[in-house]
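J.: Structure in structure tokens, see below.
The values are calculated or read from the model by the stated rules, or taken from the named source; none is laboratory data. None of the values given here were measured: they were computed from a predicted structure. Here the Cβ positions follow ideal geometry from the backbone for every residue, glycine too, while neighbour counts run over all protein chains shown. In case anyone asks, the SASA skips ligands and DNA or RNA and just uses the protein heavy atoms, side chains included. Shrake-Rupley method; radii C 1.70, N 1.55, O 1.52, S 1.80 Å.
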Amino acid sequence: MAPRDPKDGGGAGGGGGGAADPEGDIEAPLLASSGSSFFLDPAGEDGDEEQRRRRRRFLLGSHTQSNITSQVALVGADVCPIQSLDYELIENDVFNQDWRARGRGHILRYVALKWVLCFLVGALAAAAGFVANLGVENVAGAKFVVTSNLMLEGKHGSAFAVFLASNFALTMLAAVLTVFVAPAAAGSGIPEVKAYLNGVDAPNIFSLKTLIVKIVGCIAAVSSSLHVGKAGPLVHTGACIASILGQGGSRKYHMTCKWLRYFKNDRDRRDLVTCGSAAGIAAAFRAPVGGVLFALETVSSWWRSALLWRAFFTTAMVAVVLRALIDFCKSGKCGLFGKGGLIMFDVTADYVTYHLVDLPPVITLGVFGGILGSLYNFFLDKVLRLYNLISEKGKTYKFLLAATVTVCTSCCLFGLPWIASCKPCPTDTEEACPSIGRSGNFKKFQCGMNEYNDLASLFFNTNDDTIRNLYSAGTDDEFHMSSILVFFAASYFLGIFSYGLALPSGLFVPVLLTGAAYGRLVAMLIGSQSTLDHGLFAVLGSAALLGGSMRMTVSVCVVILELTNNLLMLPLVMLVLLISKVVADAFNTNVYDLLVRLKGFPHLEGYAEPYMRQLSVSDVVTGPLQTFSGIEKVGHIVHVLKTTGHNGFPVVDEPPFSDSPTLYGLILRDHLLVLLRKKDFIRSCTSSTLNASKHFTHDEFAKRGSGKQDRIEDIELSSEELEMFVDLHPFTNKSPYTVLETMSLAKALILFREVGLRHLLVLPKSSKRAPVVGILTRHDFMPEHILGLHPFLFKSRWKKVRLGKLNVTSIL
């Protein structure tokens, strides 16, 4: 068999926690193998610049070395090593003794802590959402006020200079913070959260620096008039807050507590991060139910009823805290802070009626929404690949790219309204016309008194205010068709080109806004055949484009209903979402799955591909397999840990400790490092009488949060100690999950994913062979690895039917 690669992302190398910082608890995995020395930089952002470029080129363009593609991924704006999480409970003597010692009080504290942390996650996520909205409304508001005042004075050149300079400064602020402080904060963060909840960890995705840069950078980026949103960054922010709270304390900062030790495992942290992601959507749109459904439908890979209750409690806390903060701002103490995205959009009349004659226009809206959404994903994929090629040249090119996009965006936003004709102010409106200041439906721009520029009213507002303008009922005649067409085209492509820069940015709100313009455009074209209001068409247009791009149905439906506060639209929204999703699915995958694949995260789907049923697990397991004896020599353990990156090692008892070679269990790298650091060795290869529970505590083996992980290079052992032995039996997981080598790969995948494993031992069919023949890890289930070992599967008819539309060959 071919040599087995040290696989971390696939589950065989390194440990780590998602909430670590650069000096924190991410243990750098050993990713080097023969012929792949450029994977040796574990720190990602701190390594050699040329090395990172080679890693990025490998990730995006390699079609040959598919056996190691699952070891690195594009995390934020940088390529970093990744590793698997392990949701399996380790049942060894130390663990069992710890559970036997726990009484009723321990269990009550454990349950209470879960609810307390959910409360804190909800409150802090609400505060973060409020700060983001407060910052955007004030910063962008001040910019629009100054620009509008200069336009009123006829100083058009000065107005453009202020608009361009402020946008440029805000964009570069976000880019500088992201590139130099927290590269993991780039983008929306939803692909990283989705990958983490699927069992993939990466350095710094939930660190404190990432959290701070995500909030500050999001405020700057959204305020710079780039066509980006804050919903995605708030999802990442909520996940960061949850992960930091669930670290289990920090020995580095002397913040340890017996209460927090319960969360020193991947399983509980995963649940808390799920609640945090739900809180992020709830904070972005004040949609608590929509937030829960978003976490269930989009980012979570494991779900159960107990988690549903805690997630709902978390988002309920978000709604309560936001309501209190909004009431505080009504006193006028929040500066230019307006309604923003924190209140319901007033979009329709109190009573919405629709008839059978309205169905054809609505169906048409859904069909073309699906087509436009799939095209949006297609163009976004091409643009992101281009941006990655530019960004691999270095940090300077990242700044140049951001500067180019923001200058072009500012020129479009300021220049396009000049082509629109002025419209007389309506006489039946309660709103001031023309609008003087930041928000409003009637921007004066270059027009005379009692006139307004409808295109400027769309461009010279925050995204939230523009959405409200488009959603407003009774405004059928406020916008000219040519203005809506120009705004739709500009929003569509600006949203594509604005995403992918090295700064925090979201996709949800830009798609929502573009969809609103699309709905208005359809209403103007075929609205005469319908009795529906143009504002309602805008709402349905948002649903259509969201369904076509993101393929979310239930969560988007509920979020839109919570935004608009009108349940009467439910049937129409459901119809549009279903149609647009079905149409778009015929062309490509949803945007978040596209981003996960593009970034290189080894994401396990909830189903097995048909070609996997043609293979057994023995067809993908490679060797040789590294094992330890039940009583192992210290020097051999040190040698193996230094020369491999595996995270799990089978422990096999051999004579005289057993009648024949017998699999005893599985021991983790982190646990071996604890044993080596403690130095409780024995001098001869004999069974130890050591009582493990008296010399070790469960906390010593618990997964750490903040604080530096041990590395084998940091442990100093004398030559005499290297000749001694250590008894691994008390620290070995005696009941690891196992499968026979004849099991189908499809069946093994379902077991691996549903249980949340990092290692799955493969046992021989015959008792005359070695007791264990291999270990299945996440890497072994990746299409890159499987199709690299068995290229004949490319010709499989079933493979083409199922995977052809996903364009798998483009990522191999």
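J.: From the list ILE667, ILE682, which residue is modelled with pLDDT of 70 or more, buried (at least 21 other Cβ atoms within 10 Å of the Cβ) and out of contact with any His (no Cβ under 9 Å at 6 or more places or on another chain)? Reasoning before the result, please.
T.: Working: ILE682 fails: buried (at least 21 other Cβ atoms within 10 Å of the Cβ).
It is ILE667.
J.: Check off (1) open to solvent by 20 Å² or more (accessible area, probe 1.4 Å); (2) modelled with pLDDT under 95; (3) not hydrophobic (A, V, I, L, M, F, W, C) for PRO417 and give me the number that stays unchecked.
T.: The number of the failed condition is (1).
J.: Now for a separate question. Just checking, how many residues over segment 658-682 are without any contact (Cβ under 8 Å) to a residue 24 or more places away in the chain and either among the aliphatic types (A, V, I, L, M) or closer than 12 Å to ILE90 by Cβ (or both)?
T.: Final tally of qualifying residues: 0.
J.: Could you tell me how many of the residues in segment 603-628 are farther than 25 Å from PRO783 by Cβ and open to solvent by less than 40 Å² (accessible area, probe 1.4 Å)?
T.: The first filter runs over segment 603-628 and keeps only residues farther than 25 Å from PRO783 by Cβ, leaving 626-628.
Right, trim to open to solvent by less than 40 Å² (accessible area, probe 1.4 Å) and you get 628.
Final tally of qualifying residues: 1.
J.: Of everything in segment 149-178 that's open to solvent by less than 10 Å² (accessible area, probe 1.4 Å) and closer than 22 Å to PHE399 by Cα, which residue is nearest to the chain's Cα centre (by Cα)?
T.: THR178
J.: Just to be sure, is ALA283 under 28 Å from GLY217 (Cβ atoms), open to solvent by less than 10 Å² (accessible area, probe 1.4 Å) and modelled with pLDDT under 95? Explain how you work it out, then say what you get.
T.: Numbers: under 28 Å from GLY217 (Cβ atoms): yes; open to solvent by less than 10 Å² (accessible area, probe 1.4 Å): yes; modelled with pLDDT under 95: yes.
So ALA283 fits the description; yes.
J.: Further question on the same structure: For TYR607, work out the one condition from (1) more than 23 Å from VAL522 (Cβ to Cβ); (2) part of a helix (DSSP H, G or I) it doesn't fulfil.
T.: All conditions pass for TYR607, except number (2).
J.: Return the pair list, or none, for Cβ contacts closer than 9 Å from residues in segment 384-396 that are loosely packed, with under 14 Cβ neighbours inside 10 Å to residues that are not in a helix (DSSP H, G or I), at least 6 apart or on different chains.
T.: LEU386/GLY500
J.: Filter segment 572-587 for residues that are in contact (Cβ under 8 Å) with a residue 24 or more places away in the chain and either touching a Phe, Trp or Tyr at 6+ places or on another chain (Cβ under 6 Å) or open to solvent by 40 Å² or more (accessible area, probe 1.4 Å) (or both) and give the result.
T.: Start the filter on segment 572-587 by keeping residues that are in contact (Cβ under 8 Å) with a residue 24 or more places away in the chain, which leaves 572-573, 575-587.
Answer for segment 572-587, where residues must be in contact (Cβ under 8 Å) with a residue 24 or more places away in the chain and either touching a Phe, Trp or Tyr at 6+ places or on another chain (Cβ under 6 Å) or open to solvent by 40 Å² or more (accessible area, probe 1.4 Å) (or both): LEU575, LEU578, LYS581, VAL582, ASP585, ALA586, PHE587.
J.: Residue by residue through segment 299-314, note down the ones that are crowded, with 24+ Cβ neighbours inside 10 Å, out of contact with any Leu (no Cβ under 7 Å at 6 or more places or on another chain) and either among the small types (Gly, Ala, Ser) or farther than 18 Å from ILE244 by Cα (or both).
T.: Step one: list which residues in segment 299-314 are crowded, with 24+ Cβ neighbours inside 10 Å, which gives 299, 311, 314.
The next check asks that each one be out of contact with any Leu (no Cβ under 7 Å at 6 or more places or on another chain); those that pass are 311, 314.
The one that is crowded, with 24+ Cβ neighbours inside 10 Å, out of contact with any Leu (no Cβ under 7 Å at 6 or more places or on another chain) and either among the small types (Gly, Ala, Ser) or farther than 18 Å from ILE244 by Cα (or both): ALA311.
J.: For VAL640, all conditions in the list (1) more than 40 Å from the chain's Cα centre (by Cα); (2) free of Cβ contacts under 8 Å to residues at least 24 places away in the same chain; (3) within 23 Å of GLY774 (Cα to Cα) hold save one; what is the number of the exception?
T.: So the condition that VAL640 fails would be (1).
J.: Find the helices (runs of 4 or more DSSP H) located wholly in segment 693-810 whose residues include 1 or more that are at pLDDT below 70 and among the charged types (D, E, K, R), and list them. Spell out the reasoning first.
T.: Numbers: elements: 698-701, 719-722, 745-755, 783-789, 797-803.
Fully inside segment 693-810 and qualifying: 698-701, 797-803.
J.: Just checking, which of PHE488, PHE442 is touching a helix residue (DSSP H, G or I) at 6+ places or on another chain (Cβ under 8 Å) and open to solvent by less than 10 Å² (accessible area, probe 1.4 Å)?
T.: Values: PHE488 fails: open to solvent by less than 10 Å² (accessible area, probe 1.4 Å).
On inspection, the qualifying residue turns out to be PHE442.
J.: Which residue, of LEU532, LEU521, LEU494, is over 25 Å from the mean Cα position of the chain (by Cα) and part of a helix (DSSP H, G or I)? Show your work before the answer.
T.: On the way: LEU532 fails: part of a helix (DSSP H, G or I); LEU494 fails: over 25 Å from the mean Cα position of the chain (by Cα).
Being over 25 Å from the mean Cα position of the chain (by Cα) and part of a helix (DSSP H, G or I) holds for just one of LEU532, LEU521, LEU494, which is LEU521.
J.: Tally the residues that are closer than 18 Å to ALA174 by Cβ and open to solvent by 10 Å² or more (accessible area, probe 1.4 Å), restricting the search to segment 235-248.
T.: The qualifying residues number 0.
J.: Inside segment 91-105, can you point out the residues that are in a loop (DSSP other than H, G, I, E, B) and either in contact with a helix residue (DSSP H, G or I) (Cβ under 8 Å, 6 or more places away or on another chain) or under 13 Å from PHE701 (Cβ atoms) (or both)? Quick ask: steps written out before the conclusion?
T.: Residues of segment 91-105 in a loop (DSSP other than H, G, I, E, B): 91-92, 101-103.
Answer for segment 91-105, where residues must be in a loop (DSSP other than H, G, I, E, B) and either in contact with a helix residue (DSSP H, G or I) (Cβ under 8 Å, 6 or more places away or on another chain) or under 13 Å from PHE701 (Cβ atoms) (or both): GLU91, ASN92.
J.: Another question, then. Could you say whether any residue in segment 402-412 is touching a strand residue (DSSP E or B) at 6+ places or on another chain (Cβ under 8 Å) and surrounded by fewer than 18 Cβ atoms within 10 Å (Cβ to Cβ)? Step through it out loud before you land on a result.
T.: Going residue by residue through segment 402-412, those that are touching a strand residue (DSSP E or B) at 6+ places or on another chain (Cβ under 8 Å) are none.
Checked against the condition, which is being touching a strand residue (DSSP E or B) at 6+ places or on another chain (Cβ under 8 Å) and surrounded by fewer than 18 Cβ atoms within 10 Å (Cβ to Cβ), segment 402-412 yields no hits at all.
J.: Looking at LEU455, LEU501 in this structure, which one is open to solvent by less than 10 Å² (accessible area, probe 1.4 Å), in contact with a Leu (Cβ under 8 Å, 6 or more places away or on another chain) and not in a helix (DSSP H, G or I)?
T.: Numbers: LEU455 fails: not in a helix (DSSP H, G or I).
Of the residues listed, the single one that is open to solvent by less than 10 Å² (accessible area, probe 1.4 Å), in contact with a Leu (Cβ under 8 Å, 6 or more places away or on another chain) and not in a helix (DSSP H, G or I) is LEU501.
J.: Can I ask one more? Can you tell me which residues in segment 214-225 are open to solvent by less than 10 Å² (accessible area, probe 1.4 Å) and either within 22 Å of VAL559 (Cα to Cα) or touching a Pro at 6+ places or on another chain (Cβ under 9 Å) (or both)? Even if it seems obvious, please write down each step before you answer.
T.: Residues of segment 214-225 open to solvent by less than 10 Å² (accessible area, probe 1.4 Å): 214, 217-218, 220-221, 223-224.
Scanning segment 214-225 gives LYS214, GLY217, CYS218, ALA220, ALA221.
J.: Just wondering, is there one or more residues in segment 180-197 that are assigned to a helix (DSSP H, G or I), more than 17 Å from LEU507 (Cα to Cα) and open to solvent by 20 Å² or more (accessible area, probe 1.4 Å)?
T.: Yes; the residues of segment 180-197 include at least one that is assigned to a helix (DSSP H, G or I), more than 17 Å from LEU507 (Cα to Cα) and open to solvent by 20 Å² or more (accessible area, probe 1.4 Å).
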